[in-house]
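Following: one structure in structure tokens, then a few remarks.
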């Protein structure tokens, strides 16, 4: 988390135009100065002579680079690439004689340098062309970097919206039925009433506060499911089978919040709630071994249930959207399978909890 925050700050700093332009010109001028001094030292010229020469060269480079960045690239690179490269060569061809003329006038008292400059005009042209094309490459890299960052921000915002939506998806019928059951128990002065209040408050607290983290303890996610099932048992027929079995050691593993909620809510909403006769069931099993998790849930179905191609989840979010969330959170580190039989529906999720995770800052 700290490393990612540092990288974000570095990116924000480098993404400021004065910063990356300043770094580019500083680096280029340093290379020009060192290279020019090595060549001029042979002829006995000092740092002052080299510095003034490279300032002139840097000035012409700047004209070419900014003409390229603000006119040639936006106008031609993406639309007419061949014309763009032709204009690049033409711009260098027109700028080179002007640069040579300025340097020639500067070398009035240095005849050897004048002669060398005349013979090295091709080198001046190639230098201009190299710097101009280098600016093009760096512009493409920066645009790609900026695009990837914006794409990541879009994914992050999508994940934030979906997580907030999931947290708001307490089934109203579930909540009202629970409150009605609680009211009936209070009238009877049942000893179960305080326990129901406690479980309902734990569910609300978990969804409203603890799920604000990118990752939560798996044990808390399991406790949420347990509380949910306990409250469902109050409003389901006594003959309904509702079970949740956990296997393996659940200690400090971290998992995305509310990852299993859509499947659990769905099993009641489209399964057990439609059960008219005895024998309905919702069975859950979670097996954990180190970072490998297997989540299995099945529910009974009846002919009264509406036919469907996939198991929708609360709020109308389909299985496709659940897969998309898994793909964004655990790309290539999960396997989701479904079984849709005439009398039962089952979902199996295999998950590597140590898989790559996207940054989701609430």
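Taking (1) exposed (fewer than 13 other Cβ atoms within 10 Å of the Cβ); (2) assigned by TED's automatic domain parsing to the domain that holds residue 328; (3) at pLDDT 75 or above in turn, residue 218 satisfies each apart from (1). Residue 339 - would you say it is over 22 Å from the mean Cα position of the chain (by Cα), surrounded by fewer than 14 Cβ atoms within 10 Å (Cβ to Cβ) and modelled with pLDDT of 90 or more? Taking the combined requirement at face value, the residue satisfies it.
For every residue, the table says whether it meets (1) over 28 Å from residue 85 (Cβ atoms); (2) at pLDDT below 75; (3) assigned to a helix (DSSP H, G or I).
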{"site": "4", "(1), (2), (3)": "yes, yes, yes"}
{"site": "7", "(1), (2), (3)": "yes, yes, yes"}
{"site": "25", "(1), (2), (3)": "no, no, yes"}
{"site": "34", "(1), (2), (3)": "yes, no, yes"}
{"site": "40", "(1), (2), (3)": "yes, yes, yes"}
{"site": "44", "(1), (2), (3)": "yes, yes, no"}
{"site": "49", "(1), (2), (3)": "yes, no, yes"}
{"site": "54", "(1), (2), (3)": "no, no, yes"}
{"site": "57", "(1), (2), (3)": "no, no, yes"}
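Of the residues making up the range 266-273, not a single one is at pLDDT 85 or above, buried (at least 18 other Cβ atoms within 10 Å of the Cβ) and over 32 Å from the mean Cα position of the chain (by Cα).
Kindly indicate which of 132, 98, 105 is in contact with a helix residue (DSSP H, G or I) (Cβ under 9 Å, 6 or more places away or on another chain) and exposed (fewer than 15 other Cβ atoms within 10 Å of the Cβ). Residue meeting the stated conditions: 98. Output yes when any residue across the range 350-357 is surrounded by 16 or more Cβ atoms within 10 Å (Cβ to Cβ), within 21 Å of residue 210 (Cβ to Cβ) and modelled with pLDDT of 85 or more, and no when none is. Yes; the residues of the range 350-357 include at least one that is surrounded by 16 or more Cβ atoms within 10 Å (Cβ to Cβ), within 21 Å of residue 210 (Cβ to Cβ) and modelled with pLDDT of 85 or more. The lone criterion from (1) outside any loop (DSSP other than H, G, I, E, B); (2) exposed (fewer than 15 other Cβ atoms within 10 Å of the Cβ); (3) modelled with pLDDT under 90 left unmet by residue 207 is number (2).
The values are calculated or read from the model by the stated rules, or taken from the named source; none is laboratory data. In this text the structure is predicted, and so the values were computed from the model without any measurement. With ideal geometry, Cβ positions are generated from the backbone for all residues, glycine too; neighbour counts draw on all protein chains shown.
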